[in-house]
Amino acid sequence: MNCLIFGYGYMGQIRHEALRRRNDIGDVIIVDPAANSSEANATVLRSADQVRWDNVDAAFVCTPNDVTADLCVESLKRCGRVFCEKPPGRNWDDFSRIAAAADAIPGHILSFGFNHRLHPCVQSAKALIAGGQLGDILYIKGTYGKSGGARYRESWRNKREVSGGGILLDQGIHMLDIFQFFLGPLAVADAVLIDSFWDCGVEDNAFVLMRGEQGVPAFLHSSATLWKHTFRLEIGCRDGYVVASGLLSKTGSYGREQLVIGKRQFEDEALALGNPREEVIHFDRDDSWDKEVQDFIDAIKEGRPSTHGTLDEARSVMKLIRDAYAISERMKGLVHR
Amino acid sequence: MMWSSETRRTFPLSSVKPLEGMTPYRDYCLEATHESLRKSALRREESPVTGSRLEAFGEIAGLEYLRCPDTDSLFLASLPDTDTWGDLLKDVNRHRQSPTTFHAEIAPSRRENVHLPKLDWIQSVLVLEGLHTPSLVEASVPSSEFLPILRESRIFSEVVALDETELAGAPKLSGQIDAAALLESLDRAHDPALLVKVVAGYLRPGGLIFVTSLVSSGFDFALLGKRNLYLFPPDRTNCFSLTGLEVLLARAGFELLEVSTPGVLDVEIVRAHVERDPSIPLSVFERQLMARGGEVQGSFQTFLQQNNMSSFARLVGRKKR
C-alpha cells in the first residue's frame, strides 16, 4: 500500500514513523515545500500538483488548518481513502465541505486523528466503566492545557485566519472527543472563551459546560496558560471514580500517564468516609498512534468504515466547538483583558 | 500495554500479620521444616530462576539460605522430597487455619485488607483485558482461604483448584483455562519453575497469570536481610527478587503486562523489627526515617511503590500465542 503525507511537520513525521513500523506499507511520498528528502528518507514533492494519484492508496492530511479542507476534499475525490489530522478544518463550514465530499463518494474511508481516546489511561477508564465496575457516569470534568511557550504568538495555530480558532480548537478538541467517547453526543449549555494572556486574537482559555442526552454534565477547561502542562480527566460514577492524568509524550511534560481508580465507600465500611482506597495504574507505553493508523489501514484492507475518528464523531465534536464559539460571541464576544 | 500499580490505602501491620503474634506460628513452621528435613534432604545447587550456581546467603534458625547471583533471589538450601514437602505444606496450612494461631483473630481484617483487594485487582485486570466471566485455576495448598472468595465472587465461569503439592497428579486440562492465580504459591513451591510450567499448560494461548509474592528486593527484606522475621520456611522457602519473578515468568513463555510492588507495610515492618530488637543496625538515614511521623513514612512507602521497591509484588503475564 502506497501512502501520501501532506505536511511534514510534527504530526506528519509522527504518521510517517507509524507507517514505517508497519510491514504492509510500500512507498510513502511526502508533500511539503519545506521537507528535506534525505532527512525524511522518502520522496518529497513540493506541491500537491505534482502528485501522481494513480500510485496512491491512501492520503494523510497533516497540514495547517487553512488547507486541511481543500486537501481532504481533493484526496477523497482522487483516492477515496483519507486520514485527516484534527481539527477537521478551521470551522463548521470547512468541516461541512469535507463531509459533503465524503458523502458524494460511495465506499470512501475517512478517519480523523483523535488519538487521545486511544491513550492507555483513557482506554483503561473506558474498559472499567463499560465493565460496570464503577456504575453509571454521574459527571465528567476535563482539564487540558499547556503553557504556550516562547514562540506561541508566532505559531500558525494562533493566527485566526490560518487556524480558525485558539486552544479550544487546537487542544480542547481532544478532550471533547474523549467526553463523547464516554457519554455519546453532548450539547453545549454554556461557554466562556477568553484571550487572557497571549493576546493573539484567539482564545487562550476556554470553559465549556455541556450536557449529555441523559442529562450527564461535562465540563472542559482548555488552556494555553497552564504554566504546568496538564492533562486531567475526572469521571465520577455511582460506585466510584477514575482520574486519568498525565500523558505519555515525547517530552514527558504532561507527567507520568496514570489512572486512579477509587471505589465509593459505603456507610458500613470501617474506613474513614471520604478517603477511599485507591489503585493507581502507571502506564509505560503509548501505542495510540500505531492503533490509530492500524485501524485506518485495516479499514482499507477490509473495505469497512474506520472504527475510531469517524465522520460522525468529527461532526459531533465540531458542532460542540461551533456552538461554544457562538455562545461566546453572543456573550459580548471574545473577552480581552 | 505494560503497566505498574500503586495502592493508596493504609492498614496497620497488626491487622494482617502482626510481628509478635506471628512468632509462635513462625516457630512451629521452623520446627516442622527441620523435622521434614530430617526425613530427607536434597541440596539445591542451581538457581531455580537462571540455573546459575547458588551462593551462600546465611542461616535462619539453623536453616541455610542460598542466593541467586543473577537476580538476588533467596532460596532455602535444602528441601526434602516432594511428598514430604507436600505433607509439610499441608500441615502448616492446617495449623495456620486452626484457632491456635493468631490468624483466626484477624481473619476479617485479612479478608478486608488482603484477600478482597487481590480479588479487586484480578477483576480489574480481567476487565482491562476484555475477559468476561473467564475460567480460572488457583494453585494453592488445600484448603485455600482464597478459593471460596474466588468462587463466591461470581466473576468466573469456573474456578479450578490446583493442588500445588500434587503437580505430578494434576488433572490434564491443557490449554483451556483463561486465567491462573498463584498467590504466594511460588514462595513455597518445591520447584517454582515446574509450578509455573504446569500452570502455563492449563492456560490457553493469551491466558493470564496473576502472581503475588513477597520479594527479597523490597525495602524491608533488603534492609533487614536475615533478621527479617518474615523470612522463614516453608512459607518463604523461595524469596524471589522482583527481577527473579520477571525472569521466571518470561522463561515460562509469558509476556509481562504488569510488574508492580503495591505494598503498604515495608516501613512499618522495619519499624516493628527495630522496636523489637534495637540492636538491628540502621544507617543514619534509616534511623531518621524510623523516627519521623506517619506522614513521612507514608510518603516513603509511596516512593517504594512507585519505583517497584516494596516487598509485596504483583505481576500479570499473558501466555504468548
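Taking the numbered list (1) of a type in the set (Asp, Glu); (2) under 22 Å from residue A:10 (Cα atoms); (3) part of a loop (DSSP other than H, G, I, E, B) in turn, residue A:170 passes all entries but (3). With the structure loaded, tell me whether residue A:202 is in contact with an Asp or Glu (Cβ under 9 Å, 6 or more places away or on another chain), of a type outside the set (Gly, Ala, Ser) and under 28 Å from residue A:63 (Cα atoms) or whether it fails that test. Here the answer is yes, as residue A:202 does meet what is asked. Among the residues of this structure, residue B:183 counts as one that is away from chain A (no Cβ under 12 Å), at pLDDT 95 or above and closer than 26 Å to residue B:89 by Cα. The residues of segment B:123-157 that are more than 12 Å from every other protein chain (Cβ to nearest Cβ), surrounded by 15 or more Cβ atoms within 10 Å (Cβ to Cβ) and assigned to a helix (DSSP H, G or I), listed by number, are B:146, B:147, B:149, B:150, B:151. Consider segment A:173-196 and keep the residues that are modelled with pLDDT of 95 or more and part of a loop (DSSP other than H, G, I, E, B). The one that is surrounded by the fewest Cβ atoms within 10 Å (Cβ to Cβ) is A:184.
Can you go through A:39, A:17, A:74 and tell me which one is among the acidic types (Asp, Glu) and modelled with pLDDT under 95? Of A:39, A:17, A:74, the one residue that is among the acidic types (Asp, Glu) and modelled with pLDDT under 95 is A:39. Among the residues of segment A:1-40, which ones are out of contact with any strand residue (DSSP E or B) (no Cβ under 7 Å at 6 or more places or on another chain) and aliphatic (A, V, I, L, M)? Hits for segment A:1-40 are A:14, A:18, A:34. Taking residue A:100 as the residue in question, decide whether it is assigned by TED's automatic domain parsing to the domain that holds residue A:11, surrounded by fewer than 20 Cβ atoms within 10 Å (Cβ to Cβ) and either free of Cβ contacts under 8 Å to residues at least 40 places away in the same chain or of a type outside the set (D, E, K, R) (or both). Considered against the rule, which asks whether it is assigned by TED's automatic domain parsing to the domain that holds residue A:11, surrounded by fewer than 20 Cβ atoms within 10 Å (Cβ to Cβ) and either free of Cβ contacts under 8 Å to residues at least 40 places away in the same chain or of a type outside the set (D, E, K, R) (or both), residue A:100 comes out as yes. Of the residues making up segment A:231-256, just one is within 11 Å of chain B (Cβ to nearest Cβ) and charged (D, E, K, R), namely A:256.
Counting only residues that are in a loop (DSSP other than H, G, I, E, B), more than 14 Å from chain B (Cβ to nearest Cβ) and within 21 Å of the chain's Cα centre (by Cα), segment A:104-141 holds 1 of them. Against the test of being modelled with pLDDT of 95 or more and within 14 Å of chain A (Cβ to nearest Cβ), the options B:264, B:284, B:247, B:316 yield a single qualifying residue, B:316.
Looking across segment A:290-319, just one residue is assigned to a loop (DSSP other than H, G, I, E, B) and of a type in the set (D, E, K, R), and that is A:304.
Select from segment B:138-163 the residues that are in contact with a Phe, Trp or Tyr (Cβ under 8 Å, 6 or more places away or on another chain) and within 26 Å of residue B:17 (Cα to Cα) and list them in ascending order. Scanning segment B:138-163 gives B:138, B:140, B:150, B:162.
Can residue B:211 be described as surrounded by 16 or more Cβ atoms within 10 Å (Cβ to Cβ), over 30 Å from residue B:303 (Cα atoms) and touching a residue at least 24 places away in the same chain (Cβ under 8 Å)? It is false that residue B:211 is surrounded by 16 or more Cβ atoms within 10 Å (Cβ to Cβ), over 30 Å from residue B:303 (Cα atoms) and touching a residue at least 24 places away in the same chain (Cβ under 8 Å). Of the helices (runs of 4 or more DSSP H) that lie entirely inside segment B:1-114, those containing 3 or more residues that are more than 14 Å from chain A (Cβ to nearest Cβ) and at pLDDT 95 or above span B:19-39, B:82-97. The single condition among (1) modelled with pLDDT under 90; (2) facing another protein chain (nearest Cβ under 9 Å) that residue A:259 does not satisfy is (1).
Condition first: farther than 30 Å from residue A:276 by Cα, of a type in the set (A, V, I, L, M) and not assigned by TED's automatic domain parsing to the domain that holds residue A:67. Can you find one or more residues in segment A:230-243 that meet it? Within segment A:230-243 (the criterion being farther than 30 Å from residue A:276 by Cα, of a type in the set (A, V, I, L, M) and not assigned by TED's automatic domain parsing to the domain that holds residue A:67), the answer is no, since none of the residues qualifies. Exactly one residue out of B:257, B:214 is touching a strand residue (DSSP E or B) at 6+ places or on another chain (Cβ under 8 Å) and either polar (S, T, N, Q) or closer than 20 Å to residue B:96 by Cβ (or both), and it is B:214. Counting only strands (runs of 3 or more DSSP E) that sit wholly inside segment A:210-271, those with at least 2 residues that are without any contact (Cβ under 8 Å) to a residue 40 or more places away in the chain and either in contact with a helix residue (DSSP H, G or I) (Cβ under 7 Å, 6 or more places away or on another chain) or closer than 27 Å to residue B:15 by Cβ (or both) are A:258-263.
Conditions (1) modelled with pLDDT of 95 or more; (2) buried (at least 16 other Cβ atoms within 10 Å of the Cβ); (3) within 15 Å of the chain's Cα centre (by Cα), marked per residue:
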| site | (1), (2), (3) |
| --- | --- |
| A:285 | no, no, no |
| A:300 | yes, yes, no |
| A:304 | yes, no, no |
| A:315 | yes, yes, yes |
| A:321 | yes, yes, yes |
| A:325 | yes, yes, no |
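The values are calculated or read from the model by the stated rules, or taken from the named source; none is laboratory data. Here the structure is a predicted model, which means the values were calculated and not measured. Quick reminder, even Gly has a Cβ in these numbers, built from the backbone with ideal geometry, and neighbours come from all protein chains shown.
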